[in-house]
Amino acid sequence: MSEKYSRLSIRSSALTIVISIALVLTLLGITSLVVLKAKSVSDYVKENITVTVFLDETAKDADIIALQKSIDASPYRRATVYVSKEEAAKKLQEDLGEDFIKTLGFNPLQPSIEISLRAAYANNDSIAWIEKELREDTQVKDVYYQKSMVSAMNENINQITIGILIFSGLLLLISIGLINNTIRLAIYSKRFLIRTMNLVGATQGFIRRPFVLSGIRNGIFGAIVAIALISGIIYGLDHVPDFHFIGITDLKTLAILYGLVTVLGIFIAWICTALAVRKYLRQDIDSLYKN
């Protein structure tokens with residue numbers, strides 16, 4: 001009866017450790033996913049910045065095409081769209097809900113080229129020299145972009161990135177503490193067995209080995225459960241249209257994420273188990289009864 005109870009106790013203890021590791025690794029995994037995809041989100045936001053190049057009304061079609069091709073060949077260009085006077089007027093009429101051309105008697109809008117920038121160039125310094133370069137063309141009458149929005153966007157992205165990294169570091173420390181406490185409680189019940197083996201001449205390495213191997217096994221099982229939970233969350237997010245631009249199911253990202261979760265599970269369980277056993281190996285008999 002006592003042997004059966006002991007087996008149930010060991011299994012219950014191992015299950016508790018596995019569940020604790022799995023839950024902590026799931027939280028760490030989701031946070032790691034946010035960190036890994038932060039650049040994708042940042043690039044997506046930056047690449048939605050548009051620089052509008054207003055052209056001279058007298059510019060010839062051939063010259064406009066040549067200018068657009070020149071911009072397309074530039075390293076900062078992600079995409080360009082030519083908007084004629086008529087297209088610009090039609091869009092503005094739709095936005096205003098009235099025909100302003102009839103009121104004014106003419107179309108005051110200029111033809112333009114809308115440039116979507118690559119993320120690396122979506123900052124005020126880069127856009128400033130892009131603007132200077134564009135203005136050198138005689139067909140260009142004006143270059144417009146929202147300077148304040150670009151500055152605010154880059155500043156906010158940097159602050160958010162730093163905040164995520166700090167939060168991730170704190171979460172990792174808290175997670176290690178939680179797993180460490182769970183493992184120490186599980187080994188606490190075996191402290192007298194550890195002491196007895198030590199007294200009969202068993203080396204510390206011999207005593208520590210089965211506990212560490214058991215800890216690593218629990219870490220692997222916890223990682224497997226965590227990967228299953230993370231996969232379920234990712235599957236759900238992948239069916240949300242607003243998350244498609246992030247590329248959340250990118251195979252390279254998933255491979256890094258799952259590898260990281262597995263390594264963390266093994267490493268944290270191994271370190272915490274080794275430290276817990278070491279503590280009881282160094283304690284004297286009186287301390288074993290007190291702690």
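Values computed for the structure shown
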quantity: Considering residues of the stretch 38-64 that are touching a strand residue (DSSP E or B) at 6+ places or on another chain (Cβ under 8 Å) and not in a strand (DSSP E or B) only, the residue nearest to Gln159 (Cα to Cα); calculated: Lys46
quantity: First in the stretch 69-87 and under 17 Å from Ser126 (Cβ atoms), second anywhere and part of a loop (DSSP other than H, G, I, E, B), Cβ under 6 Å, 6 or more apart; calculated: Tyr76/Arg118; Arg78/Glu47; Arg78/Arg118
quantity: Hits in the stretch 88-106 - residues which are in contact with a Phe, Trp or Tyr (Cβ under 9 Å, 6 or more places away or on another chain) and touching a residue at least 12 places away in the same chain (Cβ under 8 Å); calculated: Ala89, Leu92
quantity: Of residues in the stretch 173-197 being in contact with a Cys (Cβ under 9 Å, 6 or more places away or on another chain) and aliphatic (A, V, I, L, M), the one surrounded by the most Cβ atoms within 10 Å (Cβ to Cβ); calculated: Ile183
quantity: Test: Gly236 is assigned to a helix (DSSP H, G or I) and at pLDDT 85 or above; calculated: no
quantity: The stretch 18-41 - residue that is at pLDDT 85 or above and of a type outside the set (A, V, I, L, M, F, W, C) and, of those, farthest from Thr161 (Cα to Cα); calculated: Thr26
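The values are calculated or read from the model by the stated rules, or taken from the named source; none is laboratory data. Remember, predicted model here, so these are calculated numbers, not experimental data. So basically every Cβ, Gly included, is an ideal-geometry build from the backbone, and we count neighbours across all protein chains shown.
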